[in-house]
Amino acid sequence: MKNFQYGKPASLEQAAAFLGPGDPNVFVMGGGTDLLGEIKEGLVEPAVVIDLKAVPGLAYIKKDKDGVAIGALTTIADLAEDPGIQKDYRVLHEAAAVVASPQLRNVGTVGGNLCQRPRCWYYRDARIVCNKKGGVKCYAEKGRNKYHAVFAGGLCWAVYPSDLAPALIALDAKAVILSAKGERTVPLAEFYMPPIVNVRKENVLNGQEIVKEVRVPQAKANEKSAYLKFIERGSWDFAVVSAAVKAVLSGTTIENIRIVCGGVAPVPWRMTKAEEALKGRKATEAAARQAAKSALKDASPLAENGYKIELLETIIARAVGSLGK
Ligand SMILES: Cc1cc2nc3c(=O)[nH]c(=O)nc-3n(C[C@H](O)[C@H](O)[C@H](O)COP(=O)(O)OP(=O)(O)OC[C@H]3O[C@@H](n4cnc5c(N)ncnc54)[C@H](O)[C@@H]3O)c2cc1C
């Protein structure tokens, strides 16, 4: 591991000023649960690490008439335990509660969770120069690909590992992004970029920007949501597949629904065909399984991950079915 300078900004504006020139060797850090691993593994070699935890007032969950604002430095544990989130945004509560382990949830932040890097074993091996690291090949495509994508691969088949991202996209959340030039707001549905747009990075941040806050719109009275995650190990694990669902219901009939899946694509993956098929149907497991089965015909599994299709069908069916109970 190479030495780096450690920056403790007194304000977010000062942190953004550090990033101002867009130096690729300057990194921001939340809890460091991902970034420090990347540094130790030799995947990144920052010259400067800007510790956002030094900035006061960035950890908050504030409710107002428009919904809820969640500061980027809010820990995953605080998000999971917040009574307002538990009451109004079940999908977000359930997603936060199953991120990693209690220790990691106590340290990991919302901003870091949304900006974390993929977990592909080829990407995480510093000796392998894949497309994501400036090489000319995705080693997973013809290699070991049990945990890789079944949608939107091609240049890179790594899956996006965040549990919060599918939940927040299902809730129509927006990211407030800060740079030395000011603020911009981006729907989280447009925050992630598939490899075909840019294989080297996963989101629209331009290297000079910091996620400051996430805004979730007010939940409607007849809205229900849920998050289901399939993991291989009982203790902690990244999602093999997951489904975040949010529906506006009339009784148990679906007026409209969002289904956003994790563990299946390089970006959180919306199942729009299944969403369409479920409009006007009862929120039952059977209806959701039928809709998911049909939508999953578009998947392109690799040699070792075809099992994800059936898992995803079941996870979606159970998540949607839980809304009708
Ligand atoms: C053993 C283990 C298990 C894990 N399991 C899960 C899991 O089940 N589900 C899951 O979702 N995640 C999991 N993670 C991933 C991750 O560590 C956590 O999700 C955590 O929330 C990341 O937050 P952090 O603040 O520690 O991020 P950091 O490590 O501080 O940052 C991660 C990345 O985001 C960037 N970044 C951080 N904050 C900001 C910001 N405000 N604006 C812009 N960029 C920013 C950093 O530069 C870095 O590239 C796991 C990690 C480990 C080590």
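Taking K and R as +1 and D and E as -1, what net charge do the other residues with C-beta under 13 Å from the C-beta of Tyr307 add up to? It would help to have the intermediate numbers written out before the result.
Numbers: positive: Lys146, Lys308; negative: Glu232, Glu304, Glu310, Glu313.
In short, -2.
Return the carbon/sulfur percentage of the accessible area of the chain, one whole number, probe 1.4 Å, all protein chains in place.
Carbon and sulfur atoms account for 53 percent of the accessible area of the chain.
Accessible area per residue, 1.4 Å probe, Å², for the chain: what's the number?
On a per-residue basis, 45 Å².
When the helix-only estimate is applied to the chain (DSSP H runs of n ≥ 4, each -39,500 (n - 2.57), divided by the residue count), what is the mean residue ellipticity at 222 nm, nearest 500 deg cm²/dmol?
Values: 11 runs with 88 residues, N = 325.
Using -39500 (n - 2.57) per qualifying helix, the result is -7500 deg cm²/dmol.
Please identify the trypsin sites (Lys or Arg not before Pro) of region 65-95 that satisfy two criteria: DSSP loop assignment and at most 15 other Cβ atoms within 10 Å. Which are they?
The qualifying sites are Lys65.
Which lysines have a Cα lying under 28 Å from the Cα of Lys8, excluding residues fewer than 8 positions away in the same chain?
Lys40, Lys53, Lys62, Lys174, Lys181, Lys201, Lys212
Suppose R0 equals 25 Å. What FRET efficiency, 1/(1 + (r/R0)^6) with r the Cβ-Cβ distance, do Thr272 and Lys53 give to the nearest 0.05?
0.10
Straight-line reach only, C-alpha to C-alpha below 13 angstrom: list the aspartates and glutamates that Lys146 could link to, leaving out same-chain residues fewer than 8 apart.
Output for Lys146: Glu232, Glu304.
Taking Cα pairs under 8 Å and at least six residues apart, what relative contact order does region 223-323 come out at, in percent?
After rounding, I find 29 percent.
How about Lys246: which aspartates and glutamates have a C-alpha closer than 12 Å to its C-alpha, ignoring those fewer than 8 places off in the same chain?
Asp88, Asp172, Glu223, Glu255, Glu275
Scan the chain and hand back the longest stretch that contains none of the GluC sites (Glu not before Pro) lying in DSSP loops with at most 15 other Cβ atoms within 10 Å.
Working: sites that count: Glu41, Glu232, Glu304.
Looking at the chain, 42-231 is the longest stretch - no exposed GluC sites (Glu not before Pro) with at most 15 other Cβ atoms within 10 Å.
The values are calculated or read from the model by the stated rules, or taken from the named source; none is laboratory data. Everything numeric in this text was worked out from a predicted model, so none of it was measured. For neighbour counting, all protein chains shown are included, and Cβ atoms are generated from backbone atoms with ideal geometry for every residue, glycine included. Keep in mind that these areas ignore ligands, DNA and RNA; they rest on the heavy atoms of the full protein, side chains included. Shrake-Rupley method; radii C 1.70, N 1.55, O 1.52, S 1.80 Å.
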